[in-house]
Amino acid sequence: MFSSPFLPLPAGLKIATTSMHDDLLVVQVVSTKAGSCCPLCFCPATRCHSHYARVVADLPCAGFRVQLILHVRRFFCDHTDCIRKIFTERLPAFVLPWARLTVRLCEALQSVGEASCGELGTRLAERLAIQTSPTTILRRIMVLPTAAVERVSELGIDDFSFRRGRKFGTILVDMQSHQTIDLLPDRKKETAAAWMKAHPEITLVSRDRGGDYASAAASGAPQAIQCADRFHVLKNLGEALEGLLARHLAAQRKRLTAKLSARPLETAQPRQSPKLSPKAAELQQAKREERLAQYQHVVTLQKLGFSQTTIAEQVGIGHATVSRWLAHDAFPEQQSRPRKIGLDSHLPFLRERWEAGCHNIAQLYRELVARGYTQSYASVYEQLVRLLPEGKKNASRGCDLSPSPLSSRQAMFLFLRRSEDLETDEQETLITLRHLHPEIDLAYDLVEQFAQMLRTCTGEQLDAWLERVRASQIRELQGFVVSIERDKAAVVAGLTLPHNNDYVA
Ligand SMILES: [Zn+2]
């Protein structure tokens, strides 16, 4: 038995043997201590009950992973008053009871985790010959005690989700050091207000647009200035803009479709959702119009005999969507509940059967139903007509088609990004968009002016900007103006004060 300077062990532990298995160094370690202290009554015990082996991972040695097989004992506690009769030998400074890593390996993982994060830490650890996983690294970090929050003068507050879209908490950030200082288990105003009450030194609270955190700051830190963080202000502007763009893009697409086909298509009645706010309902309606216009464009191109691939390119949507839409007899409304099993998943089967020589549509329909297909015979029929070799592909060569258009969301992001960051083709698209309608052109100027205020921290220009938006009479932006007026002091503060909630954006 020996000790090694390459693998130092605490007193009372000796190396018995070592062996190599590829990149793994397996070290048999025995305890040479006469006894151990009972974990309950702390009395020394020497009467051995039995021996057993524990396998623990240790720090790597010269690039090799190290596995220790610890040969330790169970002892009897002979103290008459102690209820513990048998306990396992303790090696407190070296490895904790039931742990599968030595204390020093845990500490190394904590350091790796603190310097990086779960994923990155795993890659770094691998280079250091430490086998681990992102979860293990995060667990090691989670058990570290958090430093007590001492003083915070500028507080950023927002919600975050523990489980995406299900369980929310509140994140508190020191706006000066950009450090997360606390996490609250929910996003209730009472919880946040109680936290702020314990910090009377807070002078500024940066939060989202009104709502619970605004009331929390009003009651928990009435002395503090409230400011609306830029991320949420810009997000609200983006939503208003998206509604405007959706309306105009839908109108444009309708004009295009009308040009391609003299015959107007029947349109389904819009689906109303009673739970939505008027603003959300308007956005939903505008997006539906946009989708409907896309659908009509698809159907028109299909009637003109274009292939699904060409249609997908022209309309600017995915091939699968084109295929799905064409499998319906009417405009497919967006479903909030799970979609019925459509034809898409059966297409490879259908194609295979067709190519194998089965051209009996009724027969194929029966086979599809047996496979779980729940929709109409007509959809199958339409799909199969397209498989016919003498299909109407390219029937209308030479027909004038416009370049692939954008969705309102893509267009919105083009408006919000700095123009100098746009690629040449994006700049061209932006110019085309602005030429589409004077309202869009005006909206672009207004958005640019707002972004400029934000970048240069010139919130004092907000009133003049709001006046220009009112004068523009752009419907979608009026709602944004109203929401700003409701929370104006905080928005002005948010536009004026530097570094507010940069951590979010
Ligand atoms: Zn005891």
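Let's see how each residue does on (1) over 24 Å from Lys235 (Cβ atoms); (2) of a type outside the set (Gly, Ala, Ser); (3) open to solvent by 50 Å² or more (accessible area, probe 1.4 Å):
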{"position": "Gly169", "(1), (2), (3)": "no, no, no"}
{"position": "Met175", "(1), (2), (3)": "no, yes, no"}
{"position": "His178", "(1), (2), (3)": "no, yes, yes"}
{"position": "Asp186", "(1), (2), (3)": "no, yes, no"}
{"position": "Glu190", "(1), (2), (3)": "yes, yes, yes"}
{"position": "Trp195", "(1), (2), (3)": "yes, yes, no"}
{"position": "Pro200", "(1), (2), (3)": "yes, yes, yes"}
{"position": "Leu204", "(1), (2), (3)": "no, yes, no"}
{"position": "Arg207", "(1), (2), (3)": "no, yes, no"}
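Condition first: within 16 Å of the ligand (Cβ to nearest atom) and either open to solvent by less than 60 Å² (accessible area, probe 1.4 Å) or at pLDDT 90 or above (or both). Can you find one or more residues in the range 12-34 that meet it?
Taking the range 12-34 first, the residues within 16 Å of the ligand (Cβ to nearest atom) are none.
Taking every residue of the range 12-34 in turn, none turns out to be within 16 Å of the ligand (Cβ to nearest atom) and either open to solvent by less than 60 Å² (accessible area, probe 1.4 Å) or at pLDDT 90 or above (or both).
Would you check if Ser408 is open to solvent by less than 20 Å² (accessible area, probe 1.4 Å), out of contact with any Pro (no Cβ under 8 Å at 6 or more places or on another chain), at pLDDT below 90 and among the hydroxyl-bearing types (Ser, Thr, Tyr)?
In short, yes.
Give just the number: which of (1) closer than 30 Å to Thr310 by Cβ; (2) modelled with pLDDT of 85 or more does Glu390 not satisfy?
Glu390 satisfies every listed condition except (2).
From the list Pro92, Pro44, Pro60, pick out the single residue that is farther than 30 Å from Met142 by Cα and not β-branched (Val, Ile, Thr). Step through it out loud before you land on a result.
Values: Pro92 fails: farther than 30 Å from Met142 by Cα; Pro60 fails: farther than 30 Å from Met142 by Cα.
One residue alone meets the criteria, Pro44.
Do you know which of the residues in the range 100-130 that are among the aliphatic types (A, V, I, L, M) and open to solvent by 30 Å² or more (accessible area, probe 1.4 Å) is farthest from the chain's Cα centre (by Cα)? Show your work before the answer.
Of the residues in the range 100-130, the ones among the aliphatic types (A, V, I, L, M) are 101, 103, 105, 108-109, 112, 115, 120, 124-125, 128-130.
In the following step, the residues that additionally are open to solvent by 30 Å² or more (accessible area, probe 1.4 Å) were identified as 101, 103, 115, 120, 124, 128.
Values: Leu101: 32, Val103: 34, Ala115: 23, Leu120: 18, Leu124: 24, Leu128: 31 Å.
Ranking the candidates gives Val103 first.
Across the range 23-63, what is the total count of residues that are hydrophobic (A, V, I, L, M, F, W, C) and closer than 24 Å to Ser4 by Cβ? Outline the logic, then answer.
Within the range 23-63, the subset hydrophobic (A, V, I, L, M, F, W, C) is 24-27, 29-30, 34, 37-38, 40-43, 45, 48, 53, 55-57, 59, 61-62.
Next, only the ones that are closer than 24 Å to Ser4 by Cβ stay: 24-27, 29-30, 34, 53, 55-57, 59, 61-62.
The qualifying residues number 14.
Under 7 Å between Cβ atoms, at least 6 apart or on separate chains: pull out the pairs that start in the range 301-312 with a residue that is under 16 Å from Arg253 (Cα atoms) and end on any residue that is modelled with pLDDT under 85 and assigned to a loop (DSSP other than H, G, I, E, B).
Ala312/Gly318
Determine if the range 59-79 includes at least one residue that is loosely packed, with under 13 Cβ neighbours inside 10 Å, acidic (Asp, Glu) and within 16 Å of the ligand (Cβ to nearest atom). Talk me through it step by step, then tell me what you get.
Initially, the range 59-79 is screened for residues loosely packed, with under 13 Cβ neighbours inside 10 Å, giving 62-63.
Filter once more, keeping what is acidic (Asp, Glu): none.
No, every residue in the range 59-79 fails to be loosely packed, with under 13 Cβ neighbours inside 10 Å, acidic (Asp, Glu) and within 16 Å of the ligand (Cβ to nearest atom).
Asp425 - would you say it is at pLDDT below 85, in a helix (DSSP H, G or I) and open to solvent by 70 Å² or more (accessible area, probe 1.4 Å)? Walk me through it before giving the result.
Numbers: at pLDDT below 85: yes; in a helix (DSSP H, G or I): yes; open to solvent by 70 Å² or more (accessible area, probe 1.4 Å): yes.
Yes, satisfied.
Going through the range 489-505 one residue at a time, which ones are open to solvent by 10 Å² or more (accessible area, probe 1.4 Å) and at pLDDT below 85? If you could, list the steps in order and put the result at the bottom.
If we filter the range 489-505 for residues that are open to solvent by 10 Å² or more (accessible area, probe 1.4 Å), which is where we start, we get 489, 492-493, 496-499, 502-505.
Of everything in the range 489-505, those that are open to solvent by 10 Å² or more (accessible area, probe 1.4 Å) and at pLDDT below 85 turn out to be Thr496, Leu497, Pro498, His499, Asp502, Tyr503, Val504, Ala505.
Quick one: which of Arg475, Arg470 is open to solvent by 50 Å² or more (accessible area, probe 1.4 Å), within 30 Å of Gln314 (Cβ to Cβ) and among the basic types (Lys, Arg)?
Just a single option satisfies the conditions, and that option is Arg475.
Here are some conditions: (1) at pLDDT 85 or above; (2) surrounded by 15 or more Cβ atoms within 10 Å (Cβ to Cβ). Glu485 meets all but one. Which one does it not meet?
So Glu485 meets the others, but not (2).
Tell me, please, whether a residue that is hydroxyl-bearing (Ser, Thr, Tyr) and either open to solvent by 90 Å² or more (accessible area, probe 1.4 Å) or at pLDDT 65 or above (or both) can be found in the range 366-373.
Yes, that holds for at least one residue.
Can you give me the number of residues within the range 35-51 that are away from the ligand (no atom under 16 Å from the Cβ) and surrounded by 12 or more Cβ atoms within 10 Å (Cβ to Cβ)? Outline the logic, then answer.
Of the range 35-51, the ones away from the ligand (no atom under 16 Å from the Cβ) are 50-51.
So of that shortlist, the ones also surrounded by 12 or more Cβ atoms within 10 Å (Cβ to Cβ) come out as 51.
Here the count works out to 1.
Sort through Arg140, Arg151, Arg104 and tell me the only one that's touching a residue at least 12 places away in the same chain (Cβ under 8 Å) and not in a helix (DSSP H, G or I). Break it down stepwise before answering.
Values: Arg140 fails: not in a helix (DSSP H, G or I); Arg104 fails: not in a helix (DSSP H, G or I).
On inspection, the qualifying residue turns out to be Arg151.
Which one of these does Glu242 not meet: (1) surrounded by 20 or more Cβ atoms within 10 Å (Cβ to Cβ); (2) outside any helix (DSSP H, G or I); (3) among the charged types (D, E, K, R)?
All conditions are met except number (2).
For Phe94, work out the one condition from (1) open to solvent by less than 30 Å² (accessible area, probe 1.4 Å); (2) within 16 Å of the ligand (Cβ to nearest atom); (3) out of contact with any strand residue (DSSP E or B) (no Cβ under 6 Å at 6 or more places or on another chain) it doesn't fulfil.
For Phe94, the exception is condition (2).
The values are calculated or read from the model by the stated rules, or taken from the named source; none is laboratory data. Note that the coordinates shown come from a computational prediction; the quantities given were computed from them, not determined experimentally. Backbone-built Cβ (ideal geometry, glycine too); neighbour counts: all protein chains shown. These area figures cover heavy atoms from the full protein model, side chains too; ligands, DNA and RNA do not enter into them. Shrake-Rupley method; radii C 1.70, N 1.55, O 1.52, S 1.80 Å.
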